[in-house]
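A short reminder: the numbers here are calculations on the coordinates, not readings from a lab. All figures in this text were calculated on a predicted structure; none of them were measured in a lab. Here the Cβ is made from the backbone with ideal geometry for all residues, glycine too, and neighbour counts use every protein chain on show.
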Amino acid sequence: MKQLNDSDIANMIGDDFIPDDNATKKSVRHELHLSTRIPKTDVQIPEHITIDFHNHTEEDAWNMLNDVVKSGVRNATVITGASGILKPKFQQWMSDSIISDKIISVNQINNGSFFIKLKKAK
């Protein structure tokens, strides 16, 4: 099947076609029944994930942790490392941040790793 570009769609619709017009794009997609041609796939959310903060900045670590909390994963092992800024930062994030209300429990595995249980994503 040929991939349609804006000029193909313009030829089908006429001279009043504006490629950035979302309503027109939506209408064309509806007419072509694109939603029925693209198979829907269910994304499986793993029960457990491990994230490692080694060689990451504080910002990277925060973003990784946020992504895990938002993903729907229920359990995570977080490797912070025994030294450096990320271990105390992680502990602070667990107790006093915008994600702390989504945490059920935090258990220290060893000097630089933690196991966290997360609330079910809504």
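For region 51-105, a residue qualifies if it is hydrophobic (A, V, I, L, M, F, W, C) and over 23 Å from K120 (Cβ atoms), and the qualifying residues are F53, A61, I79, A82, I85, L86.
Per-residue answers, yes or no, for (1) farther than 30 Å from D42 by Cα; (2) free of Cβ contacts under 8 Å to residues at least 24 places away in the same chain; (3) of a type in the set (K, R):
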| site | (1), (2), (3) |
| --- | --- |
| H56 | yes, no, no |
| W62 | no, no, no |
| L65 | no, no, no |
| K70 | no, no, yes |
| R74 | no, no, yes |
| I79 | no, no, no |
| S97 | yes, yes, no |
| D101 | no, yes, no |
| I109 | yes, no, no |
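Residue count for region 77-122 under the criterion of being surrounded by fewer than 15 Cβ atoms within 10 Å (Cβ to Cβ) and assigned to a helix (DSSP H, G or I): the result is 6.
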